[in-house]
Amino acid sequence: MSDDVSSGVPRLVVFGSVNMDLVAYVDRMPGGGETFTGTDFRQVPGGKGANQAVAAARAGARVAFLGAVGDDAFGQELRANLEADGIDVTGLRTVPGVSGVAHIVVEGDGGNRIIVVPGANGEVDGVPETDRGSLVGADALLLQLELPMEAVTAGARLGRAMGVPVYLTPAPAQDLPDALLADVDVLVPNQHEAAAITGHDEPDAALAALLERVPEVLLTLGEDGALHGRRGEEPVRVPARKVRAVDTTAAGDTYCGSFAVARAEGRSPREAMEFAAAAAAISVGRHGASSSMAPRGEVEALLRG
């Protein structure tokens, strides 16, 4: 029996993107053709996959990351950032060319607009045979859509074949093939992604439509909290914690990674959502993506307080 199993520590695998976030802060978004002076700039490791990996690691899980970076300076820094959180990067490949980059503009109210340039992430076509051992006995496999669709679909298929619960964050929003959803256990969209997939702006209607395609849905609603549903059960709604947001980048990834860890520990959906809401509340009060995520002790202190 592994140390992780005997100690009860969840073990998660993230197959996804890793980007360098280039973040500009502004009082308001510039219009088309307008040049506008920003208030601050930060360079922060990110990417939806890497963000979820860091969130899960800080929430108390053992995490392995599968993906790719370029052979540039960003690639070295992105790898080192994951290693600093104790994440196993054996499956993080280095490929010729540039690493993924996200250009992010954050407004004064914490809202953001993001342009992702895939770089090395676009070279990933599936989980190499040599990395599949990381999935043996894992408690969850976390996927997103910043890798090519064929890679994500192959990852979900592999997770299902190996008996690992598959979480999918459908971002950036796009059409989801039935072949992919057939292997997804938990779909984790935000309200905009859910509306794009289902055509329903109202959360309860979107949840019902999504549950026709997957067995479990965690629908994040920003400042309105989150809505969880499983087939045959009453939906669960948990409000967001009221905080002053300065940067909402990676709030959804923080929520997803933290929720997956709490569920792997055996917590109920409501308990897991409360834990994830506390982690997300801390993250939106800080700048950056992975740099905004709190360690488990801080999240638990907020829950107690």
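The values are calculated or read from the model by the stated rules, or taken from the named source; none is laboratory data. These numbers were taken from a predicted model, which means no experiment stands behind them. Here Cβ is always computed from backbone atoms with ideal geometry, including for glycine, and neighbour counts include all displayed protein chains.
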Selection from region 87-136 of residues that are farther than 17 Å from residue 16 by Cα and part of a loop (DSSP other than H, G, I, E, B): 96, 97, 107, 108, 109, 110, 111, 136
Against the definition (surrounded by 24 or more Cβ atoms within 10 Å (Cβ to Cβ) and either within 18 Å of residue 187 (Cα to Cα) or in contact with a strand residue (DSSP E or B) (Cβ under 9 Å, 6 or more places away or on another chain) (or both)), how does residue 290 come out, yes or no? yes
Could you list, in sequence order, the residues of region 35-54 that are more than 15 Å from residue 11 (Cβ to Cβ), touching an Asp or Glu at 6+ places or on another chain (Cβ under 9 Å) and not polar (S, T, N, Q)? 36, 38, 42, 44, 45, 46, 47, 48, 49, 50, 54
Region 269-282 residues that are among the basic types (Lys, Arg), paired with ones that are surrounded by 23 or more Cβ atoms within 10 Å (Cβ to Cβ) and at pLDDT below 95 (beta carbon under 9 Å, 6 or more apart): none
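So is residue 142 in contact (Cβ under 8 Å) with a residue 40 or more places away in the chain and closer than 14 Å to residue 15 by Cβ or not? Even if it seems obvious, please write down each step before you answer.
Numbers: in contact (Cβ under 8 Å) with a residue 40 or more places away in the chain: yes; closer than 14 Å to residue 15 by Cβ: yes.
Considered against the rule, which asks whether it is in contact (Cβ under 8 Å) with a residue 40 or more places away in the chain and closer than 14 Å to residue 15 by Cβ, residue 142 comes out as yes.
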From 68, 80, 55, residue being without any contact (Cβ under 8 Å) to a residue 12 or more places away in the chain and not in a loop (DSSP other than H, G, I, E, B): 80
Please verify whether region 152-175 includes one or more residues that are within 23 Å of residue 57 (Cα to Cα), touching a helix residue (DSSP H, G or I) at 6+ places or on another chain (Cβ under 9 Å) and among the hydroxyl-bearing types (Ser, Thr, Tyr). yes
Could you grab the pairs with beta carbons closer than 6 Å, sequence gap of 6+ or different chains, first residue in region 100-114 and at positive phi, second one modelled with pLDDT under 85 and aliphatic (A, V, I, L, M)? 110/245; 110/246
When you look at residue 143, is it surrounded by 21 or more Cβ atoms within 10 Å (Cβ to Cβ), modelled with pLDDT of 95 or more and not acidic (Asp, Glu), yes or no? yes
Within region 249-267, can one find any residue that is farther than 20 Å from residue 112 by Cβ and without any contact (Cβ under 8 Å) to a residue 60 or more places away in the chain? yes
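Taking the criterion of being crowded, with 18+ Cβ neighbours inside 10 Å, part of a helix (DSSP H, G or I) and not charged (D, E, K, R), would at least one residue in region 25-46 satisfy it?
There is no residue in region 25-46 that is crowded, with 18+ Cβ neighbours inside 10 Å, part of a helix (DSSP H, G or I) and not charged (D, E, K, R).
Check region 146-165 and report whether any residue there is on the phi < 0 side of the Ramachandran plot and in contact with a Pro (Cβ under 6 Å, 6 or more places away or on another chain). Spell out the reasoning first.
Kept after step one, since they are on the phi < 0 side of the Ramachandran plot, are these residues of region 146-165: 146-162, 164-165.
Now drop any that are not in contact with a Pro (Cβ under 6 Å, 6 or more places away or on another chain), which leaves none.
So far as region 146-165 goes, no, none of its residues is on the phi < 0 side of the Ramachandran plot and in contact with a Pro (Cβ under 6 Å, 6 or more places away or on another chain).
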